[in-house]
1. Which condition number does Met156 fail, the rest of (1) open to solvent by 10 Å² or more (accessible area, probe 1.4 Å); (2) in a loop (DSSP other than H, G, I, E, B); (3) within 30 Å of Asp219 (Cβ to Cβ) being met?
2. Mind listing whichever residues of segment 177-199 are within 16 Å of the ligand (Cβ to nearest atom) and either loosely packed, with under 15 Cβ neighbours inside 10 Å or not in a helix (DSSP H, G or I) (or both)?
3. Among what's in segment 321-347 and is of a type in the set (Asp, Glu) and assigned to a loop (DSSP other than H, G, I, E, B), pick the residue that is nearest to the ligand (Cβ to nearest atom).
4. Of the residues that sit in segment 280-306 and are of a type in the set (A, V, I, L, M, F, W, C), away from the ligand (no atom under 16 Å from the Cβ) and surrounded by fewer than 20 Cβ atoms within 10 Å (Cβ to Cβ), which one is nearest to Ser402 (Cα to Cα)?
5. Identify, by number, the condition in (1) farther than 26 Å from Gln188 by Cα; (2) open to solvent by less than 30 Å² (accessible area, probe 1.4 Å); (3) outside any loop (DSSP other than H, G, I, E, B); (4) not hydroxyl-bearing (Ser, Thr, Tyr) that Leu47 doesn't meet.
6. Of the conditions (1) under 28 Å from Phe80 (Cβ atoms); (2) modelled with pLDDT under 95, Pro457 clears all except one; give me its number.
7. Restricting to segment 375-415, name every residue that is part of a loop (DSSP other than H, G, I, E, B) and more than 15 Å from the ligand (Cβ to nearest atom).
8. Checking Val101 against (1) hydrophobic (A, V, I, L, M, F, W, C); (2) assigned to a loop (DSSP other than H, G, I, E, B); (3) within 16 Å of the ligand (Cβ to nearest atom), which test does it fail?
Amino acid sequence: MTTIIQDKEWWKKATIYQIYPKSFCDSGNKGTGDIQGIISKLDYLKLLGVDAIWLTPIYDSPMIDNGYDIADYYTVNPDFGTMADFDELLKQAHQRGIRIVMDIVVNHTSTAHQWFQSALGDVNSPYRDFYIWKDPVKGDIPNNWQSKFGGSAWEMDEKTSQYYLHLFAKEQADLNWENPKVREEVKQVISFWAEKGVDGFRLDVINLISKQQDYASDDVGDGRRFYTDGPRVHEYLQEISEAVFQKYGSVTVGEMSSTTLEHCQQYSSNDGKELSMVFNFHHLKADYENGEKWTNAPFDFLQLKQIFNHWQTGLNGKGWGALFWCNHDQPRVVSRLGNDTEYRLESAKMLAASVHMMQGTPYIYQGEEIGMTNPGYTELSQYQDVESTNMYDIMVNHQSTSHDEMIKILAQKSRDNSRTPMQWDTSEFAGFSKGLPWLEVAKNYLDINANQAVDDPNSVFYFYQRLIQLRKEVDVITSGSYVDLFPEHNAIFAYQRKSDKQTLICLNNYYADEVECVLPEHLNVEGARYLLGNYLLGDYLLDKGVGGESSAVSRHQVLKPYETKIILIES
Ligand code: TEU
């Protein structure tokens, strides 16, 4: 049995693994994953070395948005198992020294939630004011705010002729945080799970909970400026934090939609009054053409580096960020920014190193640790995601995008790219389930699967294992300042991390052509050694340093296709 380290800020040296239960492991033949499936893979996660699991929603839900539409915060969705299964997961994870972080969705509930069911059609319901209702304006919708999944953010309640707000699907009604009773319920929900011994919470779209109360139409945008990082958001977070997070010592990560550095400095401030850390998504918009997600565009490399620089330097000493490329809403990074054919292994490792050596807490999304790719779907019928199917309808049936173009866009941007079943082995359905999976398995599972990765010392899996260990062994990774060494270079992303005693250099070639660079004069390369690389095989991966000439670090560096090298200088 491993004991959990009781350091208050354990998460600053930790790596968190995200599980999307529906696609992780089915203990039977339902075709959807479940909690017993997760329990059966805890030893695999222990081998990888992660400190905690973030579990996306497992609560009772009609699953219109795969659990982000919660119908009952206090019960487990029977598709995933029972509360007894959950308790067992918590116990078994803790026995292995792995913490559990639950996803909490409190910007909205499912319209199937009993609060909404009571409120619908009844202006006198005690729950009417739990949601946001507005009268029609000139016989039409209250304002021009858009749902993040396309179309108006308002839906008519026929019986009362009022509209309710839904920033996501129409089956996800926004809660009215102005109502103190809503905030009390939220505290109770989170306390219930904290009492069970859950170690932390990931708070879904938490910076959208406070809306500007005049509900004005937005003449320059889709309304987001009126509710993103809204007027009372910090006050609300402080209230919840004081009542629950601080009381239970929970780690918290807020998912921040379209946020700013200034707000994130406050959300994750060292004073601990709001959250432990924040997810922001600006770096994942480097392949949005003119800020538009639904385009088929290459990524802007210089912009990507600028964004990292802005956040790494801006949060240092002031707040704390989550480091990540992948989650259940994002395409697979090796297909997105790497090369998922000829250089899949190299680019998956290079991309891993380039975020894991930054300041923050890294997150690994299931399958990322074995270099899983986008599935390359070619038919609309292969997609299940509500956002993808809505956007197809809007762009093809109501705008001028052709079917073929939209299929290309979906293959690049759809959230289903990351939701395909986890590839465990070479058996049917990749060992994910004994029955037909809810979403088609990527065809490459015979080559890319966890069994293969665990058997191969040169796999992406062991590279991640080493990165996780390095964060624990080398302090500068947690504490050091950040400087981009070649911000204008069009192929190399190289940065320096520096503390009093250590300097770490992370050198990355983002392209398939060999490139060269010269490390700046101020770096004392004589005292430098390589910690890890994706071409420096064997010794570097399995031991710490190697002797002999190969370990000497030259100021003049040649980087092979998608090469990464991590260099440490100790004084
Ligand atoms: O996502 C919030 C969010 O804004 C996105 O990442 C979203 O998927 C993207 O904007 C779509 O283009 C969170 C959850 O992670 C997501 O799965 C949910 O669908 C959403 O909230 C609603 O709860």
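1. The number of the failed condition is (2).
2. At the first step, the residues of segment 177-199 found to be within 16 Å of the ligand (Cβ to nearest atom) are 177, 186, 189.
Within segment 177-199, Trp177 is the sole residue that qualifies.
3. Here the residue is Asp329.
4. Going through the qualifying residues, I end up with Phe299.
5. Looking at each condition in turn, Leu47 falls short on (2).
6. (1)
7. Pro375, Gly376, Tyr377, Thr378, Glu379, His398, Gln399, Ser400, Thr401, Ser402
8. The failed condition is (2).
The values are calculated or read from the model by the stated rules, or taken from the named source; none is laboratory data. Quick caveat: nothing in here was measured; it's all calculated off a predicted structure. Reconstructed Cβ throughout: ideal geometry from the backbone, glycine too, with neighbour counts over all protein chains shown. Calculation scope for accessible area: heavy atoms of the full protein, side chains included, ligands and nucleic acids excluded. Shrake-Rupley method; radii C 1.70, N 1.55, O 1.52, S 1.80 Å.
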